[in-house]
1. From the set of residues in region 334-372 that are more than 30 Å from Ala109 (Cβ to Cβ), at pLDDT 90 or above and among the aliphatic types (A, V, I, L, M), which is surrounded by the most Cβ atoms within 10 Å (Cβ to Cβ)?
2. Please state which one of Leu260, Leu269 is out of contact with any Gly (no Cβ under 9 Å at 6 or more places or on another chain), part of a strand (DSSP E or B) and under 28 Å from Leu366 (Cβ atoms).
3. Out of the residues in region 76-123 that are surrounded by 19 or more Cβ atoms within 10 Å (Cβ to Cβ) and acidic (Asp, Glu), state the one that is farthest from His385 (Cα to Cα).
4. When you scan region 128-147, how many residues do you find that are without any contact (Cβ under 8 Å) to a residue 40 or more places away in the chain, assigned to a helix (DSSP H, G or I) and out of contact with any helix residue (DSSP H, G or I) (no Cβ under 8 Å at 6 or more places or on another chain)?
5. Name, by its number, the condition in (1) among the charged types (D, E, K, R); (2) in a helix (DSSP H, G or I); (3) surrounded by fewer than 16 Cβ atoms within 10 Å (Cβ to Cβ) that does not hold for Arg209.
6. If a residue counts only when it is outside the structural domain of Tyr216 (by TED's automatic domain parsing) and among the small types (Gly, Ala, Ser), which strands (runs of 3 or more DSSP E) contained entirely in region 39-115 have at least 2 such residues?
7. Read through the list (1) among the small types (Gly, Ala, Ser); (2) within 20 Å of the chain's Cα centre (by Cα); (3) surrounded by 16 or more Cβ atoms within 10 Å (Cβ to Cβ); (4) in a loop (DSSP other than H, G, I, E, B), then give the number of the only condition that Gly169 fails.
Amino acid sequence: MAEAFEGLQAEDDHQVPGAATDSLSSNTQLGRAVQSACSELELLSLLAVQLLTKEKAISALSAGLHANCENYLSFYSSELSGIVTDPALMIVSVDDHLVHRGHAVFDTAVITEGYLYQLDAHLQRFFTSAKKAGLLLPFPAAQIRRIILETAAAGKKMHGYVRYWLGAGRGGFGLSPSECISPSFYVVAYQAAEDPMRHLSGWRIKTSRVPAKDPYFATLKSNNYLANALVAMDAEASGYDQGVFVDEAGFVAEGPTMNLGVVTHEGELVIPPFERSLAGCTIKRVLELVAQHQETDVGMWATRDFEAVKKVSQRPLHVKEAKAAKEVFMVGSATKVMPVVVWDDIDFMSKVSYDRIGVGPGTVTLAMRGLLEDDMDPRSASGQHTEVPYGILTGMYD
């Protein structure tokens, strides 16, 4: 054990110019020398970056895991040619153009009761985005579908999400993908904390100052979500739940990760065209369900829940018209159907009529959410589900 420092010996004290109090003053030679030494030590501590061995680097990856990592269930990497379940190994190489150029596309599907909901619809959009982004598939489409299902199975959870990316691949830090060796493909199965009752209080949304995307990129689900992140940040900074893209002419585009729609006082359910917004798989399914319900009038959602809907349209929607609507809602894979209760300075709840139960903003919105939740249930036999092949290899089934 090292001996404790007890100060200078009396015979050595004469070698230090000045008394102890002089070391604390910047007006003395000793004080300036001490301050200079401390500054140099601080600088050295900042510059002291380790050159790690492979073993230390792998250890650091494990040590760097944070609390949310427990929600990362499984990960497939075309670089690894397999699936891992240790979050420390869920990494992407820095020379992948997905990372340093954003040259990639992605999509997400919901795992509900052991089934992937609308997987094929999401995959079709994924392949369409890949073509628009000039990306080649590393495997046949059927193999990509199988990898997604097997990654979901390796996560061993009956509820959650699976997200997948297609990138230009590794090969250098240039701009053109001509240097890339082969396309990259990654899949992650994960869970996220959700409030199952959040839709009862609704969202407060804000018209964003961030410009709406160019039509070409708005309809392409690329890995570049900077504008989307800025919309979300702008809303949160102002105390809102979500932001809304509005184009230069004042027409509504979309939310950061969801589509927006309204129900007018004249009974028109309006969705903006997919020109400055992504063609949402969920909103398209919701519109199909509304049409089916109006034609057949079956299920627990009675006719009176939709009696306010006289017409369904997909047309340009100006922000002034949207704010004057009876109901506003947002739709997405994770969002499902969310009522909007406040938009900027417009409080939709102040317009509620209490002449009978069920009348007022949110009635149609909540009925649409009910239709979607019923459709997401695998027992509905809606043809929208793909069973996750958990099987013997995962240890879930004997």
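1. Taking region 334-372 first, the residues more than 30 Å from Ala109 (Cβ to Cβ) are 342, 344-361.
Within this subset, residues satisfying the condition of being at pLDDT 90 or above are 342, 344-347.
Those left that are additionally among the aliphatic types (A, V, I, L, M): 342, 346.
Details: Val342: 18, Ile346: 16.
Among them, the one singled out is Val342.
2. Numbers: Leu269 fails: out of contact with any Gly (no Cβ under 9 Å at 6 or more places or on another chain).
None of the others qualify; the one that does is Leu260.
3. It comes out as Asp96.
4. Within region 128-147, the subset without any contact (Cβ under 8 Å) to a residue 40 or more places away in the chain is 128, 130-131, 140-143, 145-146.
Next, from what is left, pick out any that are assigned to a helix (DSSP H, G or I): 128, 130-131, 141-143, 145-146.
Pick out the ones that are also out of contact with any helix residue (DSSP H, G or I) (no Cβ under 8 Å at 6 or more places or on another chain) and you get 128, 130-131, 142-143, 146.
Residues meeting the conditions: 6.
5. With respect to (1) among the charged types (D, E, K, R); (2) in a helix (DSSP H, G or I); (3) surrounded by fewer than 16 Cβ atoms within 10 Å (Cβ to Cβ), Arg209 is out only on (2).
6. 72-77, 104-112
7. Answer for Gly169: the failing condition is (2).
The values are calculated or read from the model by the stated rules, or taken from the named source; none is laboratory data. Keep in mind that this is a model prediction, so the values were computed, not measured. Every residue, glycine among them, receives a Cβ derived from its backbone with ideal geometry; neighbour counts consider all protein chains shown.
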